[in-house]
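Before any comments, here is the structure.
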Amino acid sequence: NNQLIPRKDAARIAGMSKKILTKNEVAAYATNLYNKMMAKADAAEIAIVKKVIAQTPKATDIVSAAVLAMLQGHPQAALALSIKAVAMDPANLNWQNNMSALLTSYGYPEQAMPLLRKLQDDLPLNSTVLNNLGQAWLGFGEPDSAKRFFAIANRINPYHPDSKLCGGLL
């Protein structure tokens, strides 16, 4: 199990924003992340994002394209499209949660955490949000905090597969 759990990254944890985003800050936060993503992403991934946005200007279509990009092995495009959809429709809590999950999955838990904390305030009994908080803490190499969130998620929904799996791993 020690090989499956990342080493604790104290510098990343210390540098993480302690801020909880407000509803009014979500669009700006997502837009800022999107711009950073597009500045650093691989040219082929950027081309996918630009093509999708040009062909499907609706946020719902962009979210669907993000899932498709993820399934087709285009992580930067998937993340950028997910972030773009949240920037376009910042009130959609599901899209915020998906964006946070992708940020964590692709190695950016510090970027996911301000949004996850907001989602925890918005949806305190949502097992998926709590599981995603556990995943983010696990990404920091902080198993004690991760375990706490997995346990809460599992109490709320004993059938949540990820919280059960990760709780068992820890």
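Strictly over 22 Å apart at the Cα level, which of LYS36/LYS84; LYS51/LYS84; LYS58/LYS84; LYS8/LYS118; LYS118/LYS147 would you flag in this model? Before the final figure, lay out each step's value.
On the way: LYS36/LYS84 12 Å; LYS51/LYS84 13 Å; LYS58/LYS84 10 Å; LYS8/LYS118 24 Å; LYS118/LYS147 20 Å.
Cα-Cα > 22 Å for LYS8/LYS118; rest within.
Leaving out ligands and nucleic acids, and using a 1.4 Å probe, what accessible area per residue does the stretch 30-149 come to in Å²?
Details: 5340 Å² over 120 residues.
Spelled out: the 1.4 Å probe surface of the stretch 30-149, per residue, equals 44 Å².
Could you work out how far apart the two model spin labels at LYS58 and TYR106 are, taking each label as a point 7 Å from the Cα in the direction of the beta carbon, and quote it in nm?
Label-label distance for LYS58 and TYR106, simple model: 2.4 nm.
State the extension gain, in nm to one decimal, for the chain segment bounded by ASP144 and ASN32, taking 0.36 nm per residue of separation less the distance between their alpha-carbons.
Details: separation 112, 0.36 × 112 = 40.32 nm, distance 3.09 nm.
Full extension from ASP144 to ASN32 adds 37.2 nm.
Hey, what angle do you get for helix 43-55 against the long axis of the chain, alpha-carbon based, 0 to 90 degrees rounded to 10?
Roughly 70 degrees between the two axes.
Could you work out what % of the accessible surface of the chain is carbon and sulfur, using a 1.4 angstrom probe and leaving DNA, RNA and ligands out of the count?
Values: 4940 of 8970 Å².
So the carbon and sulfur contribution to the accessible surface is 55 percent.
As a check on your grasp of the helix formula, calculate [θ] at 222 nm for the chain: sum -39500 (n - 2.57) over DSSP H runs of n ≥ 4, divide by the residue count, round to the nearest 500. Please list the in-between numbers first.
On the way: 10 runs with 124 residues, N = 170.
Computed mean residue ellipticity for the chain: -23000 deg cm²/dmol.
Each label point is 7 Å from the Cα along the Cα-to-Cβ direction; what then is the distance between the points at LEU68 and ILE20, in nm?
For LEU68 paired with ILE20, the spin-label model returns 3.8 nm.
Considering only ALA59, ALA43, ALA69, give the residue with the highest GNM mean-square fluctuation for the chain, with springs between Cα atoms whenever their separation is below 10 Å.
Among ALA59, ALA43, ALA69, the largest mean-square fluctuation in the Gaussian network model of the chain belongs to ALA43.
The values are calculated or read from the model by the stated rules, or taken from the named source; none is laboratory data. Keep in mind it's a predicted model, so treat the numbers as computed, not measured. Quick reminder, even Gly has a Cβ in these numbers, built from the backbone with ideal geometry, and neighbours come from all protein chains shown. To get the accessible areas, we keep the full protein, side chains included, count just its heavy atoms, and leave off ligands, DNA and RNA. Shrake-Rupley method; radii C 1.70, N 1.55, O 1.52, S 1.80 Å.
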